[in-house]
Structure formats: C-alpha cells, structure tokens
C-alpha cells in the first residue's frame, strides 16, 4: 500500500489557498446583496480563480512534465475580447491570494500564466497514470446564496482515487445533523482529508484546530437514520429519495445542503445515508464525487450506485454507472440498496424493509 502523505499535504495546501480566494469573492458578493439576482460573473471569477490557484500550486511542486489535471473549467471564454476584463480581475484575485500567504515565495502571475494554469484542467484522466481531479467550486448555487460549497480535490492513480481533500468554508466544525445553523458562535470552516489506507480527518480550514480522525455513523436501524441530499431539487429527484426514505422507515426530515460538503458531513456522522438521483439524461462528472467518495470510504463508509457497484473513476471525465449514487455505512448498505431497487422497480411494499 502506497504512502500518500506528501500528496495529501500538497493537496491540502492547494485547497486552503483556493478556499481563501473563494471566501473573499463570496464576501464581496454578499456585501453587494447580489447573491440571488446578479448574473453569474462573480461566481465565474471564483471558479476560474480557484482552478488557477490549485493548478498553479500543484504544478510548481511536482516533477516537470508529470502534472495532469481533470477539472471543470477551461479558459475559452476568457481568451476573447469580451473576457479580457474578467481575466484581469481573476489574475488580480489570484495574485492577491498568493501575496497574502507568507509561506509562498513567487513572482506575480501574468494573465497568460493564469490562462495556462486554468487550461491544465483539460486532461481526460483514465485508467493509467496519476491525474488530479478538481471541482474548483462544487455547489455554485450554494456559493451564490452564501450557503454551502466546497473546493474538492482528489488524486486518481491507475484508475483509483487515493487522495481526497474537501475545503468547506461555510460548514460548521460541529454537527449539522439537525440542519445548518444560520447564527452560531461555533467555529466555521472545515478541511476534510483522506488517503488510501490512512483514514479520514477533519480540521479547521484556518488551521487553528488540529486534525481529528472521523468515522461514519454506526447506526444499524434505518428508522434511526438521517439522510442528506442536494439542496436544489434540480440536482436530484427529491420525490424519489423521499419514497426510498419511506420504504426504509426513515422519519427524520432530510438534511439538504449543497456540494460535496455532504460527503464531509457524512464522514463525521452528521447523517447516515446520502441519496442522489439526478434526472434522466444527466451524466455524472468525476470531479463531483472523486474527493468526497474517498472521504467517505476512508471513514468506514461505502459509496455505490443503484446496482451496488463502487464508483469507477477510470473511464474518463464522466462516470458510467447504474442510475443514482448512494452512500452509507457498510452495515446499512444491503438494506439501503434493497430499498433503492424496490422503489426504482416500482414495487410498493406494505411495510419497511
């Protein structure tokens, strides 16, 4: 079994750096009270800036020619005349974030440097070699609302996710089992880290609270389980997940939050079951689940599709899977899977499974 401690440290530094940029953009967005009615340009700035920072931070530490990144964004729109002003702003945000970190000794990036860093994300991934997998801002709508989002970075080695880091700037350090508190004095901002065979840990994003190992919930009776799902109904079929919860006998209301912050919350036991069933025709991208999946599995959980198969990240930029993604603890997996298949097959049992 490999030792991925150096990769994990590198990934954590990159995610922290990108999270700082995202926080600064979100604060400005909220201060202008445009989070629910503005066009998407402030969000796009953060998406691009986050990707540029992670790409730059990784490549500068890795052996020349070895860096491969599968990521959501590309610079096509920024290279046009109409994108010039946005590119200038992104470059300023990136350089301000680097300059504010006293541990970094680097010359300012040019706009060309930023474009090149963003476009490193065009890799197709695959079953051989090492590929970093990035969602620079997972949970865009949550970001705009001032709610949950995540910077999600994983490392794919020969088709297997071996490292995962989730930066969750708005996630409280305490449990959100009963929902995310709007007003609280509790510390906010979590960094979840996981590597193959080494477990999952959470620490404060600002580094003030030391890492603590976390584990998924050990609940065995689904009636006592809580489940989480996407905040946005457009992201998942909530009526379907409600039917699955009914079959399982779950009585607690769902915890609905944006982004892979759900995976982090589940890894520390805030919820017991995660159900995601996108509407027909949607193809899952690997960056939406790569980091989160290892955060769950290294915490003792399981992530699988509606056929009970583990997610396969070796097939390129998209996941090929049986409809739906489910996460829970290993003891509940067969029960949850049976309920999922019962509902998908249109059966109506007289009582819970």
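Of note:
- The range 73-108, residues that are part of a loop (DSSP other than H, G, I, E, B) and buried (at least 20 other Cβ atoms within 10 Å of the Cβ): 73, 75, 78
- Per the conditions (1) farther than 30 Å from residue 272 by Cβ; (2) at pLDDT 95 or above; (3) over 17 Å from the mean Cα position of the chain (by Cα), the sole criterion not satisfied by residue 159 is (1).
- Being surrounded by 22 or more Cβ atoms within 10 Å (Cβ to Cβ) and either modelled with pLDDT of 95 or more or within 28 Å of residue 282 (Cβ to Cβ) (or both) holds for only one residue in 167, 189, 199, 179, and it is 167.
- Yes/no for residue 115 being at pLDDT below 95, outside any loop (DSSP other than H, G, I, E, B) and out of contact with any strand residue (DSSP E or B) (no Cβ under 7 Å at 6 or more places or on another chain): no
- Qualifying residue in the range 124-138 (condition: in a loop (DSSP other than H, G, I, E, B) and within 18 Å of residue 299 (Cα to Cα)): no
- Those helices (runs of 4 or more DSSP H) of the range 193-300 in which at least 2 residues are within 29 Å of residue 342 (Cβ to Cβ) and out of contact with any strand residue (DSSP E or B) (no Cβ under 8 Å at 6 or more places or on another chain), considering only elements entirely within it, cover 238-248.
- A Cβ distance below 8 Å, combined with a sequence gap of six or more or placement on separate chains, defines the contacts here; from the range 108-128, residues that are in contact (Cβ under 8 Å) with a residue 40 or more places away in the chain and not assigned by TED's automatic domain parsing to the domain that holds residue 313 reach residues that are part of a helix (DSSP H, G or I) and surrounded by fewer than 21 Cβ atoms within 10 Å (Cβ to Cβ) in the pairs 109/95; 109/98; 117/59; 120/59.
The values are calculated or read from the model by the stated rules, or taken from the named source; none is laboratory data. What you see is a predicted model, and the numbers here were worked out from it, not measured in a lab. Ideal geometry is used to build each Cβ from the backbone, glycine not excepted, and the neighbour counts take in all protein chains shown.
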